[in-house]
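These notes are about the structure you will find just below.
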Amino acid sequence: MDKLSALLVLALALFALGFVGVIIRRNVLVMLMCMELMLNAANLALVTLARQTDTTAGAVLVFLAFVVAAAEIAIAIPLVLLLVRRRRTLDAGAYAELKG
Amino acid sequence: MALALTAIVLLPLFGFLVNGLAGNRLGHRFVSVVGCSLPIATFALAILLFAELSVRGGAPQVATLYTWAAIAGSGFDVALYLDPLSAVMTLVVTGVGSLIHVYSIGYMKEDKSYARYFAYLNLFLFLMLLLVLARSLLVLFVGWEGVGLASYLLIGFWFDDPDKARAGKKAFVTNRIGDAGFLLGMFALYFAVGTLDMDRINAAFAAGPPPAVPASLIGILLFIGATGKSAQIPLHVWLPDAMAGPTPVSALIHAATMVTAGVYLVARMSGVYMHAETASQVITVVGAATAFFAATVAIAQHDIKRVLAYSTISQLGFMFVALGVGAYGVAIFHVMTHAFFKACLFLGAGSVIHALGGEQDVRKMGGLARRIPVTFVTFAVATAAIAGIPPLAGFFSKDEILWYAFASDHGGSVLLWAVGAATALLTAFYMFRLLWLTFLGRSRMTPEVEHHVHESATSMTGVLVVLAVASAAGGFVAVPHYLEPLLPLPPVAEHLQQFEAPLLWLSVVIAFAGLALAAWFFGGDARRAERFGARIAALSRVLANKYYVDEFYERVLGRPLTWISDAVFLRLSDRVLLDGSLDGMVRLARRTAAAFCVVQSGNLHRYLFLVLAGSAMLLTWSLGRG
Amino acid sequence: MIEATLQYADTALLVLFGVFALAGAVAMLVLRHPMRVAMALIGTMISLGGIYGLLGVHFIAAFQVLIYVSAVMVFIVYVIMLLDVRDLSFTHRFTRLVVPAAAAGLLFFVVLGHAVWRDTGGVQPATALFGIGQFAVDFLSRYWLQFEVTSVLLVAAVVAAIVVVRLDDKDHG
């Protein structure tokens, strides 16, 4: 088992754990953090693949992903604040207005 | 002169537009002036052009107005075409048409839709002239359909009455059946000859080698159209019902002009029919059958206009016999004389109806001769003319038809002559019967009606007199001779020439025999006819019910069509298949939506779980295959 | 000898960081208090930063620490401190989907992991070190469009953040 494949599997594991975390945790902030974890896993996979193929494209993507993550959190946090002010709870299960 | 030719057609259209758009605001006087002066102007123009045509020795004049659908060298010229044939027809149409317009001023005076009436009448005249003067079959077809439309509008002129509106619909639908044949004929012609200009088609058939389509096929298809418009068996049923319209309309459209369009069409296409033996035989048989059949029905009718309607059908049958045996000019001759005396008869009947305040049943008339003398005299002259009493117009044209039915090389026979002669006898009989029942004998009117009887206005009686004179003298116009360069008369075998004079005398005898028979039945004691009718009750019932043709159509065509429409198209196709499939799809969509609605819980966690589970399964499936 | 020792230490460090990262991720799923979850995430991120460093992409490692750990996570920690977190999601931290989600996640991991395992045998790890110079040239010459588009995204995010804050004001103003 070579080093880079192992890192890919690690990225996969982190991604799966993050995804499962988003699903099973009720707290909105924890869900957000799990999403950050998924993003980190993706970054790891990108870096690993960039090393594997010896190109800069993956690194560039990671760099851009940082920016996206910053933008994401800049919007997500005010949204969470807004939600909590309305309903006074961080429980995502309480927000079911999307019901069809 | 092309301008004058165009003006002939367009002037009535102008009248239609003025009266139709603004007539209600312009007052009776203005409407009358516009409505009548324009037809009279067209008549004057027609005379002018006719004279000019004679000077040129009959060389046709063409006015191309527009080229429709011009594609790579081929196109349809919208062109007017004046040759001796169309000139004669134009004179008849504009002449009789003008007279009837003038007559209508008095007849329709009290109608609340006065302007609409004149607008329709002018529209009819425009389309009829378009039909007559068309060079191309396509333009003729536009006029053909257009006069059908005008006829529909005028039959249903008093559309408040559902019966009259229904009569209009019946006329329209029946004509459409014929038009289908006409259209197919045009397609076949265009396919075979590559043009629809009628002079070119005739030339193509005359020049031979024969075009790719049998002439008889085209002939029969066009004749189907003619049976619709000219009320021949089996499409004759609409004409008696068309009497629901105002009487001047019956005179103009349903007796003198429009119904002869079929005759005109066949004469116009004589170049084809001369080479179409089968089609000519069909025309002869249908024409003879129609003539005889309609004449028998006319005997047993009591409505004055219905008698005249069946008489019209019968006379049209005569014209088709002439066409069938190749005597095209004679047919046009009879069209002209028939236009005179039938218009006179209808307008006279209108005068009678006017005098009696709307009564049309001859059983409630009688003894009117002294009360409305001008109407009586003109009616009597026209009756004598149609019955074939010499030297009135009908005698000449009918005798010529009978002669060619007997002697023509083109399908004439003794049997055909016998049928024609029997029909002529019947014609004389039922026409004099009508004259007797209406004007002579004792009065059978209710006192109330009798009190109101009055002679019509001068504008109406004047027209009657003009038409009566035309009916009397019209026979001396040698139309067949005039048209002979264009429509040659069929050759007559040498050994038959000797019969011409005896047959002429026989015709005279037949006409007087009809007169005598009617006088014997209705002259002395009116009950003699009733007793005789009772003795042949079954036959007279059949005749009075017009051989039950309407009932037959209703049972054979009407009811099955209604059943198919209702059961197959409405209940099965529309309700079950179309509505059902749509309803089914709606139900399916609703149920699917209801099923998927459960998924749309609004719970974020569940959505995300579905995403994860779904993508995991997809990956399993796709990677599991590789 | 020293080379081999360094190689060995390198691998050992990589394994160590990997285990740390995994442990942090697992801890995120089970810890009750959001603050502890945040701490676990920071641990994971720093471990990932270490992995990046060991892979030779030092500047990404630096940004990982700078942007994620300092900027993003500080923001989140601040919010956690701001809000009262002791509500229903604190007493009942899991949804009812624990078992299905775990099963699905496991399936996801096994399938993709199997594919990675099967397909990436032959590729040799690159030996050349990853230079910031090469990266900078590529970034500003080949990928300038993506860079600009990202700046547009950032502007949009700023505008969105302002709009959200304004909404907040309106609701309570």
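Here are some notes:
- Of the set (1) facing another protein chain (nearest Cβ under 9 Å); (2) surrounded by 15 or more Cβ atoms within 10 Å (Cβ to Cβ); (3) modelled with pLDDT of 85 or more, all apply to C:LEU106 but (2).
- Matching residues in the stretch C:138-173 - criterion: being out of contact with any helix residue (DSSP H, G or I) (no Cβ under 8 Å at 6 or more places or on another chain), assigned to a helix (DSSP H, G or I) and modelled with pLDDT under 85: C:ARG166, C:ASP169, C:LYS170
To keep it simple, each residue is scored yes or no on (1) at the interface with another protein chain (Cβ under 7 Å from one of its Cβ atoms); (2) touching a residue at least 60 places away in the same chain (Cβ under 8 Å); (3) surrounded by fewer than 21 Cβ atoms within 10 Å (Cβ to Cβ).
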{"residue": "A:ALA6", "(1), (2), (3)": "no, no, yes"}
{"residue": "A:ARG26", "(1), (2), (3)": "yes, yes, no"}
{"residue": "A:LEU29", "(1), (2), (3)": "yes, yes, no"}
{"residue": "A:THR48", "(1), (2), (3)": "no, no, no"}
{"residue": "A:ARG51", "(1), (2), (3)": "yes, no, no"}
{"residue": "A:ASP54", "(1), (2), (3)": "yes, no, yes"}
{"residue": "A:LEU61", "(1), (2), (3)": "no, no, yes"}
{"residue": "A:VAL67", "(1), (2), (3)": "yes, no, yes"}
{"residue": "A:ALA74", "(1), (2), (3)": "yes, no, yes"}
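- For C:TYR78: the one exception among (1) facing chain A (nearest Cβ under 9 Å); (2) buried (at least 17 other Cβ atoms within 10 Å of the Cβ): (2)
- Options B:ALA339, B:ALA355, B:ALA327, B:ALA393; residue that is buried (at least 24 other Cβ atoms within 10 Å of the Cβ) and over 15 Å from B:VAL263 (Cβ atoms): B:ALA393
- Residues (over 15 Å from B:ALA255 (Cα atoms) and of a type outside the set (Val, Ile, Thr)) located in the stretch B:299-319: B:ALA300, B:GLN301, B:HIS302, B:ASP303
- Helices (runs of 4 or more DSSP H) (entirely within the stretch B:195-251) containing at least 3 residues that are modelled with pLDDT under 85: B:198-207
Let's see how each residue does on (1) farther than 16 Å from B:ALA428 by Cα; (2) modelled with pLDDT under 90:
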residue	(1), (2)
B:PHE292	no, no
B:ILE313	no, no
B:VAL325	yes, no
B:ILE332	yes, no
B:PHE346	yes, no
B:GLY358	yes, yes
B:LEU368	yes, yes
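- Per this entry, C:LEU48 is counted among residues that are aliphatic (A, V, I, L, M), within 20 Å of C:GLN7 (Cα to Cα), within 12 Å of the chain's Cα centre (by Cα) and facing another protein chain (nearest Cβ under 7 Å).
- The stretch B:78-102, residues that are within 17 Å of B:LEU10 (Cα to Cα), not hydrophobic (A, V, I, L, M, F, W, C) and not in a helix (DSSP H, G or I): B:TYR81
- Checking B:GLY23, B:GLY27 one by one, the residue that is more than 25 Å from the chain's Cα centre (by Cα), buried (at least 22 other Cβ atoms within 10 Å of the Cβ) and part of a helix (DSSP H, G or I) is B:GLY23 and no other.
- Helices (runs of 4 or more DSSP H) enclosed by the stretch B:537-579 - at least 3 residues per element that are surrounded by 12 or more Cβ atoms within 10 Å (Cβ to Cβ): B:537-544, B:549-553
- Filtering C:LEU112, C:LEU41, C:LEU29 for residues that are in contact (Cβ under 8 Å) with a residue 12 or more places away in the chain, within 9 Å of chain A (Cβ to nearest Cβ) and within 30 Å of A:ALA59 (Cβ to Cβ) leaves a single hit, C:LEU41.
- Test for C:VAL15: is it more than 7 Å from every other protein chain (Cβ to nearest Cβ), modelled with pLDDT of 85 or more, over 15 Å from the mean Cα position of the chain (by Cα) and under 21 Å from A:ASN40 (Cβ atoms): yes
- Scope the stretch C:30-48; condition surrounded by fewer than 23 Cβ atoms within 10 Å (Cβ to Cβ), in contact with a Gly (Cβ under 7 Å, 6 or more places away or on another chain) and under 13 Å from A:VAL30 (Cα atoms); matching residues: C:ALA40
- Only a single item in (1) away from chain B (no Cβ under 12 Å); (2) surrounded by fewer than 21 Cβ atoms within 10 Å (Cβ to Cβ) is not met by A:LEU83, and it is number (1).
- Filter result (small (Gly, Ala, Ser) and either in contact with a His (Cβ under 8 Å, 6 or more places away or on another chain) or farther than 14 Å from B:MET269 by Cβ (or both)) within the stretch B:177-205: B:GLY178, B:ALA180, B:GLY194
The values are calculated or read from the model by the stated rules, or taken from the named source; none is laboratory data. All values reported here derive from a predicted model rather than from experimental measurement. Cβ sites come from the backbone with ideal geometry, for glycine too, and all protein chains shown count toward neighbours.
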